[in-house]
1. For V67, only one of the following conditions fails: (1) in contact with a helix residue (DSSP H, G or I) (Cβ under 7 Å, 6 or more places away or on another chain); (2) aliphatic (A, V, I, L, M); (3) open to solvent by 90 Å² or more (accessible area, probe 1.4 Å). What is its number?
2. Do you know which of the residues in segment 1-27 that are touching a residue at least 12 places away in the same chain (Cβ under 8 Å) and among the aliphatic types (A, V, I, L, M) is surrounded by the most Cβ atoms within 10 Å (Cβ to Cβ)?
3. Consider only pairs whose beta carbons are under 9 Å apart and that are at least six residues apart or on different chains; among these, list those whose first residue lies in segment 50-65 and is more than 17 Å from L22 (Cβ to Cβ) and whose second residue is assigned to a loop (DSSP other than H, G, I, E, B).
4. Applying the selection to segment 28-53, what residues are closer than 21 Å to S63 by Cβ and open to solvent by less than 100 Å² (accessible area, probe 1.4 Å)?
5. Where residues in segment 21-67 are hydroxyl-bearing (S, T, Y) and in contact with a Lys or Arg (Cβ under 8 Å, 6 or more places away or on another chain), which of them is farthest from T2 (Cα to Cα)?
Amino acid sequence: MTCRIADLRNKQVVCVKSGEILGYVSDVEFSTSNGNLESIIIFGKPKLMGLFGKYEDIVIPWSDIEV
């Protein structure tokens, strides 16, 4: 199976253990030495409509992802 980054972007991410919706794939990290996908990043949600910044970004290692 192949997938483009454009296809992966904006996919909904759900925690398998709790069923909680974590957010949408916002970015990815690649290894420059071998070109492997290392992790996906979900940008933190805004605090109080963005007035107080945002929560921490969620970084999920590729090895922890189940399709």
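The values are calculated or read from the model by the stated rules, or taken from the named source; none is laboratory data. Keep in mind that this is a model prediction, so the values were computed, not measured. Here the Cβ positions follow ideal geometry from the backbone for every residue, glycine too, while neighbour counts run over all protein chains shown. To get the accessible areas, we keep the full protein, side chains included, count just its heavy atoms, and leave off ligands, DNA and RNA. Shrake-Rupley method; radii C 1.70, N 1.55, O 1.52, S 1.80 Å.
1. Result: V67 passes all but (1).
2. Initially, segment 1-27 is screened for residues touching a residue at least 12 places away in the same chain (Cβ under 8 Å), giving 5, 8-13, 16, 22-27.
From what's left, among the aliphatic types (A, V, I, L, M): 5, 8, 13, 16, 22, 25.
Details: I5: 11, L8: 13, V13: 16, V16: 9, L22: 14, V25: 19.
So, considering only residues that are touching a residue at least 12 places away in the same chain (Cβ under 8 Å) and among the aliphatic types (A, V, I, L, M), the one surrounded by the most Cβ atoms within 10 Å (Cβ to Cβ) is V25.
3. Going by the 9 Å Cβ cut-off, the qualifying pairs are G53/G44; G53/K47.
4. Matches in segment 28-53: V28, E29, S31, N34, G35, N36, L37, E38, S39, I40, I41, I42.
5. Here is the first cut: in segment 21-67, the residues hydroxyl-bearing (S, T, Y) are 24, 26, 31-33, 39, 55, 63.
Applying the additional criterion that residues be in contact with a Lys or Arg (Cβ under 8 Å, 6 or more places away or on another chain) yields 24, 26, 55.
Details: Y24: 19, S26: 19, Y55: 32 Å.
The selected residue is Y55.
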